[in-house]
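Colleague: I'd like to ask some things about the structure below.
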Amino acid sequence: MSAKDNPTLTIRSECIDSEGRFRTDFTGRGKDISPELGLDGLVPGTRTLAVTLEDLTHPLFGSMAHWLAWNIPPGDSIPAAIEPGRVNPSTGITQGTAYGWHRYRGPKPPRGKTHTYRFTVYALDCDLRLPSRTRLAGFKQAIEGHVLQQATLEGTYE
């Protein structure tokens, strides 16, 4: 089964306001905490979830990962304030290397510059056995053929 064969997955979150801008608490200029990401339409049979946050307008790299987490238990949401670290012993959530850290790093573009950021949530048919040093490219390669659904949510921050 592939993502194309399944119903639509949608993400909802209060981290982005009605005008499509990140709320400061979820940025590098605020509390820099990972937001709750509510999920609607998650297909039965999802074994784990994964999430990425990418800066789509980075001036040097074009796209830059700010967060990479996998082996998230499936449910109605991805919880807020996931603790920093490689592997959370109580949940099994693994955080890869994004923005140089094993944690959520919210938007923080240079002052006066507006960047666009995208969350992507993946519903997977497996647990991922990846080292925590894994970066975005390795993650994307590892999930090929295992994505049941995916959804995105974009916002901007200045």
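Colleague: Assess whether residue 36 counts as being acidic (Asp, Glu) and within 21 Å of residue 98 (Cα to Cα).
Modeller: On the way: acidic (Asp, Glu): yes; within 21 Å of residue 98 (Cα to Cα): yes.
Spelling it out, residue 36 is indeed acidic (Asp, Glu) and within 21 Å of residue 98 (Cα to Cα).
Colleague: Please enumerate the residues belonging to region 103-120 that are of a type in the set (Gly, Ala, Ser) and at pLDDT below 95.
Modeller: Of region 103-120, the ones of a type in the set (Gly, Ala, Ser) are 106, 112.
112 - this is the single residue of region 103-120 that is of a type in the set (Gly, Ala, Ser) and at pLDDT below 95.
Colleague: Out of the residues in region 132-144 meeting the condition of being part of a loop (DSSP other than H, G, I, E, B) and touching a Lys or Arg at 6+ places or on another chain (Cβ under 9 Å), tell me which one is farthest from residue 87 (Cα to Cα). I'd like the intermediate steps shown before the answer.
Modeller: Initially, region 132-144 is screened for residues part of a loop (DSSP other than H, G, I, E, B), giving 132-135, 144.
Next, only the ones that are touching a Lys or Arg at 6+ places or on another chain (Cβ under 9 Å) stay: 132-133.
Numbers: 132: 7, 133: 11 Å.
Going through the qualifying residues, I end up with 133.
Colleague: Filter region 6-26 down to residues that are polar (S, T, N, Q) and more than 28 Å from residue 124 (Cβ to Cβ) and give me whichever is surrounded by the fewest Cβ atoms within 10 Å (Cβ to Cβ). Quick ask: steps written out before the conclusion?
Modeller: Quick first cut of region 6-26, residues polar (S, T, N, Q) only: 6, 8, 10, 13, 18, 24.
Keeping just the survivors that are more than 28 Å from residue 124 (Cβ to Cβ) gives 18, 24.
On the way: 18: 5, 24: 15.
Among them, the one singled out is 18.
Colleague: Restricting the first residue to region 78-101 and requiring it to be on the phi < 0 side of the Ramachandran plot, which pairs with a second residue that is part of a loop (DSSP other than H, G, I, E, B) and of a type in the set (Lys, Arg) meet a Cβ separation below 7 Å and a spacing of at least six or different chains?
Modeller: Listed pairs, sorted by first residue: 84/103; 94/86; 95/86; 95/103; 96/135; 97/133; 97/135; 98/105.
Colleague: OK, next. Which residue, of 74, 109, is surrounded by 14 or more Cβ atoms within 10 Å (Cβ to Cβ) and under 18 Å from residue 30 (Cα atoms)?
Modeller: Numbers: 74 fails: under 18 Å from residue 30 (Cα atoms).
None of the others qualify; the one that does is 109.
Colleague: So, one more: Can you confirm whether region 73-91 contains a residue that is touching a helix residue (DSSP H, G or I) at 6+ places or on another chain (Cβ under 6 Å) and small (Gly, Ala, Ser)?
Modeller: Going through region 73-91, the residues touching a helix residue (DSSP H, G or I) at 6+ places or on another chain (Cβ under 6 Å) turn out to be none.
No - not one qualifying residue is present in region 73-91.
Colleague: To continue, here is another question. Considering only region 35-65, state which residues are modelled with pLDDT under 95 and over 22 Å from residue 149 (Cβ atoms).
Modeller: Result: 57, 58, 59, 60, 61, 62, 64.
Colleague: Then there is this: Between residues in region 7-34 that are in a loop (DSSP other than H, G, I, E, B) and at pLDDT below 95 and residues that are of a type in the set (Gly, Ala, Ser) and surrounded by 15 or more Cβ atoms within 10 Å (Cβ to Cβ), which pairs lie under 8 Å by C-beta distance while being six or more apart or on different chains?
Modeller: 8/151
Colleague: Quick one: residue 90 ticks every box in (1) crowded, with 21+ Cβ neighbours inside 10 Å; (2) over 15 Å from the mean Cα position of the chain (by Cα) bar one, so which box is it?
Modeller: (1)
Colleague: Here is a follow-up. Between 42, 60, 49, which is touching a Pro at 6+ places or on another chain (Cβ under 8 Å) and within 22 Å of residue 137 (Cβ to Cβ)?
Modeller: Values: 42 fails: within 22 Å of residue 137 (Cβ to Cβ); 60 fails: touching a Pro at 6+ places or on another chain (Cβ under 8 Å).
49 is the lone residue from the list that is touching a Pro at 6+ places or on another chain (Cβ under 8 Å) and within 22 Å of residue 137 (Cβ to Cβ).
Colleague: Among the residues of region 117-158, which ones are under 22 Å from residue 12 (Cβ atoms) and surrounded by fewer than 16 Cβ atoms within 10 Å (Cβ to Cβ)? Talk me through it step by step, then tell me what you get.
Modeller: Taking region 117-158 as the starting set, the residues that turn out to be under 22 Å from residue 12 (Cβ atoms) are 117-124, 147-157.
Listed by number, the residues that qualify are 118, 152, 154.
The values are calculated or read from the model by the stated rules, or taken from the named source; none is laboratory data. Every value quoted in this text rests on a predicted model; they were computed, and no experiment measured them. Glycine gets a Cβ as well: all are built from the backbone with ideal geometry, and neighbour counts include every protein chain shown.
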